[in-house]
Amino acid sequence: QVQLEESGGGLVQPGGSLRLSCAASGIMFRIVAMEWYRQAPGKQRELVAFISSGGSSTNYADSVKGRFTISRDNAKNTVYLQMNSLKPEDTAVYYCHIYRTNYWGQGTQVTVSS
């Protein structure tokens with residue numbers, strides 16, 4: 001049974017940082033690419049970042065380039081999203097996703113507010 005468990009969300013002030021983690025189980029993690037998505041209230045879910053199975057290739061939404069960094073530790077079956085210089089418009093539920101599958105985590109709330 002494939003499971004994805006996100007953690008690390010919370011309330012942060014504008015300009016602050018958070019690191020999200022997504023621990024995967026039930027899958028050969030090292031062979032799958034991973035993604036982070038987010039969904040703000042009243043908006044569609046959008047792709048935030050992508051990382052290849054080995055971690056050598058990454059892509060980012062224009063809105064987060066230069067501020068967010070996706071990474072992974074295949075020994076720990078975990079993908080991360082380091083979020084710096086957070087803005088109120090980054091407020092959303094953040095989900096990890098296994099590329100080209102229907103496997104999603106339950107989501108973790110990130111709120112950026114003063």
The stretch 103-114 - phi-based ³J(HN,Hα) in whole Hz, Karplus 6.51/-1.76/1.60, Gly and Pro as x: 8, 10, x, 7, x, 9, 7, 10, 10, 10, 7, 8
The chain - convex hull of the alpha-carbon atoms, volume per residue in Å³: 91 Å³
Please name whichever of 109, 16, 26 sits farthest to the positive end of the charge dipole of the chain, dipole taken about the Cα centre and charges placed at Cβ: Lys and Arg +1, Asp and Glu -1. 26
Residues whose placed amide H lies under 5 Å from that of residue 48, excluding near-sequence neighbours: 36, 37, 38
Find out how many positive minus negative residues lie around residue 58, taking Lys and Arg as positive, Asp and Glu as negative, among other residues whose Cβ is under 12 Å from that of residue 58. +1
Karplus-derived 3J(HN,Hα) from phi for the stretch 54-63 (6.51 cos²θ - 1.76 cosθ + 1.60, θ = phi - 60°), whole Hz, x at Gly and Pro, runs x, x, 7, 10, 9, 9, 9, 5, 4, 5
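I'd like the trypsin sites (Lys or Arg not before Pro) in the stretch 3-46 restricted to DSSP loop residues with at most 16 other Cβ atoms within 10 Å, sorted by number.
Qualifying residues, ordered by number: 43, 45.
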Check cross-link reach from residue 76 to the aspartates and glutamates: straight Cα distance under 19 Å, and skip same-chain residues fewer than eight apart. 5, 6, 35
Leaving out ligands, DNA and RNA, what percent of the accessible area of the chain is carbon and sulfur, probe 1.4 Å? 44 percent
Hey, what's the stretch 27-102 come to in accessible area per residue, 1.4 Å probe, Å²? 53 Å²
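The values are calculated or read from the model by the stated rules, or taken from the named source; none is laboratory data. This structure is a prediction, so every number in the text was calculated from the model and none was measured. Because the Cβ atoms are built from the backbone with ideal geometry, glycine has one as well, and the counts that use them run over all protein chains shown. Keep in mind that these areas ignore ligands, DNA and RNA; they rest on the heavy atoms of the full protein, side chains included. Shrake-Rupley method; radii C 1.70, N 1.55, O 1.52, S 1.80 Å.
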